[in-house]
Amino acid sequence: MADMLTKFPRRRTVLLASLLAVGMTATACSAPGEDRSSTQKSDAAVKTELGTDPITLEMYAETGFPLAKALADEFSKQHSNVTFNIREDQFTVIVENAPRVMASDNSPDIIRLPTMVDLVKDDLLKNLDPYFTAYGWDKFPASQLMQLRVGENTRGTGSLYGMGLGYSVTGVFYNKKLASQIGMTQPPATVAEFEELLAKAKAGGVQPIMQFNKNTAGINFPHQALQNQFGDPTQVADWIFQKPGATFDTPAALKATQTIQKWAQAGYFTKDANALDYAGMVGEFQKGNGLFMFNGDWESANLDKSMPGNVGFFLFPTESPGGKHVAMSAPNTFGVSAKAKNPDAAAYFLNWVHTNAKAREISVTVGGSSPGGPSDLPVPSAAPNTVLAETLKASQQLGAENGAVDFTANATGGIFAAAITPEMQKLIAGQQTPEGYVKAVQAEYQKELSR
Amino acid sequence: MTSALGSAPTGRDDSRARPTPTRAHRFRWARAAGTGWLYVLPALVMYAVFVLRPLVLTLQYSLYDWNGIGVARWVGLDNYLTVFTDSDLLKIIGNAIVLIVFFSFIPVALGLLVASMVRRITTGAFGTVVRTILFLPQVIPLVAAGIAWSWLLSSNGLVNQALRAVGLGGVARAWLGDFDTALPAVGVIGAWVLLGLCTILLVTGMSKIDPALYEAARLDGAGPVREFLAVTLPSLRQEIGVCLTVTIIAALASFDIVYISTSGGPGLQTTVPGLEIYRLAFSQRQVGLASALAVVLMLLVLACVLPIQRLSRGEKP
């Protein structure tokens with residue numbers, strides 16, 4: 001190599017070196033990035049009137065989930081001076097794009113949010129506290145907006161930075177035909193009963209769980225479902241909210257990881273789980289190729305269409321009978337960009353989504369989720385004998401038991417891609433031990449928090 | 001400069017003001033060169049803005065700890081230290097080197113074999129059909145190839161169905177999801193894509209070989225193998241060089257096929273530097289580390305490709 005470099009024509013070497021030198025000098029004068037710490041203005045006065053001037057609200061939403069578009073259409077119908085310009089991308093693309101899109105001069109007014117702490121740190125998100133006061137969002141149950149608060153480098157407390165377009169709940173969908181085939185007459189009441197059903201299904205030639213684990217670790221759903229039951233869920237929430245001293249390396253997480261590996265070894269997941277993506281999982285479940293699927297209520301309306309009357313839903317059971325249910329549940333989070341051109345109209349829309357009767361109905365029928373909002377407003381009902389009605393009931397039950405916990409995947413910006421996904425894939429293939437798994441996830445978490 | 005301008009040919013009275021031949025020559029050369037630069041200028045500006053500037057910026061970013069938005073922190077060569085000491089990143093670079101076997105050596109070796117076989121049928125309609133079929137994988141977008149192969153290699157895909165049909169059901173598996181087979185499976189997709197390109201290049205090269213050489217070899221009693229080793233292979237030196245250069249770059253800089261077929265999994269089994277650079281920069285917002293890995297990847301490509309370039313030109317290494 002050195003020999004070759006000496007033979008590289010000297011003139012060309014000199015030219016290349018000088019070009020690079022000029023370039024380096026030109027660009028290295030200042031460090032990349034901009035100091036945005038002073039860009040956030042104090043939000044003293046906010047308007048709660050929409051007015052009659054024409055407004056175009058720029059929205060950046062998630063593709064494949066028609067709720068945002070349906071709500072925008074209804075809003076424009078009720079307020080003819082407001083039109084929406086909606087850009088849609090896959091959620092993973094939004095996660096990657098959000099910081100740059102929000103830092104640009106064409107920042108959207110309303111944006112579907114990935115994890116929020118980094119965005120707040122970089123002053124890209126609008127502080128919604130003034131709207132909280134102006135619209136009286138203190139009438140909402142405090143727990144509803146807790147996940148959307150960001151304080152000094154931690155979530156769960158502090159100022160409000162987002163609102164939900166629907167509040168999702170996760171649990172277990174099951175194929176009713178396959179359930180009756182293995183003698184399951186009602187949803188399991190304990191983790192042990194659930195495991196009995198898994199064993200029965202396996203023995204009866206029925207695929208017990210249909211779960212994806214390819215590009216994003218779908219087996220993290222059952223893992224966290226177990227982790228929530230095996231210990232104090234506050235510990236899980238503290239870790240997600242980056243509370244000082246919180247750790248993933250707990251006996252509950254370890255027991256959950258051991259259980260997942262046991263299930264994998266018993267063949268309760270499909271052999272190709274590591275090659276199965278989300279769409280593939282839903283497709284296989286709809287074809288009747290699996291008894292259980294861990295997923296969220298966003299899939300309810302779709303399942304009611306594709307397998308009407310043949311699918312049920314239950315919250316993951318507790319460890320001992322009669323215990324309090326705990327489930328991953330998170331708002332379909334939307335925020336207002338710090339550079340939004342119409343922040344008041346954006347906040348008006350977010351308030352309308354929670355309080356307008358027609359909007360609440362759309363949240364249920366199109367989004368499949370609870371609409372949130374003030375506790376004294378009625379929750380629109382879904383058609384009877386649908387899985388949508390079941391997920392909605394589960395959501396209310398979870399609210400009553402105060403058992404909502406955010407997703408461990410939302411703990412930091414990179415934890416899912418950098419640790420949970422590859423390590424979970426190793427775990428179910430027997431390439432990682434349960435002890436190694438919890439330690440690897442915690443190590444990545446600490447690495448990210450130290451930056 | 002002033003004198004040169006003053007002595008410029010100005011039409012009628014240029015015979016009196018004619019400069020010395022040397023100066024005129026120099027001036028014409030300068031004018032020609034100036035016009036030449038004008039022609040090149042648009043391309044040069046584009047090249048400077050879209051190739052050189054990003055290259056320089058990547059070098060600059062690689063010296064900082066930066067999330068892409070806020071103020072960056074100078075860390076010197078720390079990012080490079082991480083690239084060379086982090087076991088995950090080393091494994092990822094190792095994956096790319098393994099892929100060279102599948103993306104380069106297999107297509108070139110198979111390409112030579114196929115080209116030798118189809119060499120005699122390159123003319124006429126049949127020859128066109130053969131060339132088209134062989135070149136087809138190169139025309140298909142890599143994303144489409146990735147999707148199609150994901151289906152073929154899935155646990156209920158065509159490959160496993162075929163295995164079960166011939167009684168080899170025990171071998172069937174989720175090829176792209178299995179820790180042992182994922183990287184070779186990705187390699188097979190790459191080999192399939194690049195085989196056509198190599199074959200066509202080699203067939204074209206073979207068609208330029210003087211038939212008299214083959215005749216001479218045959219008169220000397222050479223069989224097909226001897227003929228291949230003594231005549232075909234040495235004559236294809238440059239074509240093989242081009243094939244290796246293109247395919248090694250494809251292996252080291254691979255992204256599309258891996259992103260679509262496995263997303264780098266299971267674990268880090270099929271993660272390649274291209275994919276990791278993208279993830280580090282956009283998912284994990286470590287623009288500095290991503291840039292350092294990109295620079296290392298560029299040097300790795302040069303280290304692999306430059307020797308091949310020199311060898312294939314026939315110069316002494």
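The values are calculated or read from the model by the stated rules, or taken from the named source; none is laboratory data. As the structure is a computational prediction, the values presented were derived from the model and not from experiment. Quick reminder, even Gly has a Cβ in these numbers, built from the backbone with ideal geometry, and neighbours come from all protein chains shown. These accessible areas exclude ligands, DNA and RNA; they are computed on the full protein's heavy atoms, side chains included. Shrake-Rupley method; radii C 1.70, N 1.55, O 1.52, S 1.80 Å.
So here's what we get for this one:
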| read-out | value |
| --- | --- |
| Selection from segment B:276-304 of residues that are in a helix (DSSP H, G or I), within 11 Å of another protein chain (Cβ to nearest Cβ) and not hydroxyl-bearing (Ser, Thr, Tyr) | B:Glu276, B:Arg279, B:Leu280, B:Ala281, B:Phe282, B:Val287, B:Gly288, B:Leu289, B:Leu299, B:Leu302, B:Ala303, B:Cys304 |
| Residue within segment A:261-282 that is over 19 Å from A:Ala429 (Cβ atoms), in contact with a helix residue (DSSP H, G or I) (Cβ under 7 Å, 6 or more places away or on another chain) and in contact (Cβ under 8 Å) with a residue 12 or more places away in the chain present | yes |
| Total residues in segment A:427-437, condition assigned to a helix (DSSP H, G or I) and either within 13 Å of chain B (Cβ to nearest Cβ) or crowded, with 23+ Cβ neighbours inside 10 Å (or both) | 4 |
| Cβ-Cβ under 9 Å pairs, at least 6 apart or on other chains, segment A:315-340 side of a type in the set (Asp, Glu), far side part of a strand (DSSP E or B) | A:Glu319/A:Thr190 |
| Conditions (1) farther than 19 Å from A:Pro32 by Cβ; (2) open to solvent by 50 Å² or more (accessible area, probe 1.4 Å); (3) not acidic (Asp, Glu): number failed by B:Ile257 | (2) |
| Single match in A:Thr333, A:Thr391, A:Thr355, A:Thr386 (criterion: in contact with a helix residue (DSSP H, G or I) (Cβ under 8 Å, 6 or more places away or on another chain), open to solvent by 10 Å² or more (accessible area, probe 1.4 Å) and at pLDDT 90 or above) | A:Thr386 |
| Search result, residues across segment B:260-274 that are open to solvent by less than 20 Å² (accessible area, probe 1.4 Å), within 12 Å of another protein chain (Cβ to nearest Cβ) and touching a residue at least 24 places away in the same chain (Cβ under 8 Å) | B:Ser261, B:Thr262, B:Gly265, B:Pro266, B:Gly267, B:Thr270, B:Thr271 |
| Selection from segment B:55-79 of residues that are open to solvent by 40 Å² or more (accessible area, probe 1.4 Å) and either assigned to a loop (DSSP other than H, G, I, E, B) or within 19 Å of B:Cys304 (Cβ to Cβ) (or both) | B:Leu55, B:Asn67, B:Val71, B:Leu77 |
| Pair list, Cβ < 7 Å and 6+ apart or interchain, from segment B:176-187 residues that are within 10 Å of B:Leu153 (Cβ to Cβ) and within 12 Å of chain A (Cβ to nearest Cβ) to residues that are β-branched (Val, Ile, Thr) and in a helix (DSSP H, G or I) | B:Val186/B:Ile257; B:Val186/B:Val258 |
| Out of A:Ala347, A:Ala409, A:Ala338, sole residue that is in contact with a Lys or Arg (Cβ under 9 Å, 6 or more places away or on another chain) and within 14 Å of chain B (Cβ to nearest Cβ) | A:Ala338 |
| Residues located in segment A:261-279, provided they are buried (at least 16 other Cβ atoms within 10 Å of the Cβ), within 14 Å of chain B (Cβ to nearest Cβ) and under 19 Å from A:Leu178 (Cα atoms) | A:Phe269, A:Thr270 |
| Residues that are open to solvent by 20 Å² or more (accessible area, probe 1.4 Å) and touching a residue at least 24 places away in the same chain (Cβ under 8 Å), drawn from segment B:85-94 | B:Asp88, B:Lys91, B:Ile93 |
| Unmet requirement for A:Leu198, which otherwise passes all of (1) under 25 Å from the mean Cα position of the chain (by Cα); (2) part of a helix (DSSP H, G or I); (3) aliphatic (A, V, I, L, M) | (1) |
| Hey, A:Pro317 under 23 Å from the mean Cα position of the chain (by Cα) and either more than 15 Å from A:Asn220 (Cβ to Cβ) or open to solvent by less than 20 Å² (accessible area, probe 1.4 Å) (or both) or not | yes |
| Filter pass, B:Val231 being in contact with a Ser or Thr (Cβ under 7 Å, 6 or more places away or on another chain) and buried (at least 18 other Cβ atoms within 10 Å of the Cβ) | no |
| Spans of helices (runs of 4 or more DSSP H) in segment A:97-158 with at least 1 residues acidic (Asp, Glu) | A:117-121, A:129-135 |
| The listed residue being hydrophobic (A, V, I, L, M, F, W, C), in contact with a Leu (Cβ under 7 Å, 6 or more places away or on another chain), farther than 30 Å from B:Leu152 by Cβ and open to solvent by 20 Å² or more (accessible area, probe 1.4 Å), out of B:Leu300, B:Leu293 | B:Leu300 |
| Residues (assigned to a helix (DSSP H, G or I), open to solvent by less than 70 Å² (accessible area, probe 1.4 Å) and of a type in the set (Val, Ile, Thr)) located in segment B:95-127 | B:Val98, B:Ile100, B:Val101, B:Ile106, B:Val108, B:Val114, B:Val118, B:Ile121 |
| Any hit, segment A:302-310, residues being part of a loop (DSSP other than H, G, I, E, B) and on the phi > 0 side of the Ramachandran plot | yes |
| Near pairs, Cβ below 8 angstrom, 6+ apart or cross-chain, from segment B:55-78 (without any contact (Cβ under 8 Å) to a residue 12 or more places away in the chain and more than 8 Å from chain A (Cβ to nearest Cβ)) to any residue that is open to solvent by 30 Å² or more (accessible area, probe 1.4 Å) and among the polar types (S, T, N, Q) | none |
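Residue-by-condition table, conditions (1) under 20 Å from A:Lys214 (Cα atoms); (2) in a helix (DSSP H, G or I); (3) in contact with a strand residue (DSSP E or B) (Cβ under 9 Å, 6 or more places away or on another chain):
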| residue | (1), (2), (3) |
| --- | --- |
| A:Gln242 | no, no, yes |
| A:Asp249 | no, no, no |
| A:Ala253 | no, yes, no |
| A:Ala264 | yes, yes, no |
| A:Phe269 | yes, no, yes |
| A:Val282 | yes, yes, yes |
| A:Phe285 | yes, yes, yes |
| A:Gly290 | yes, no, yes |
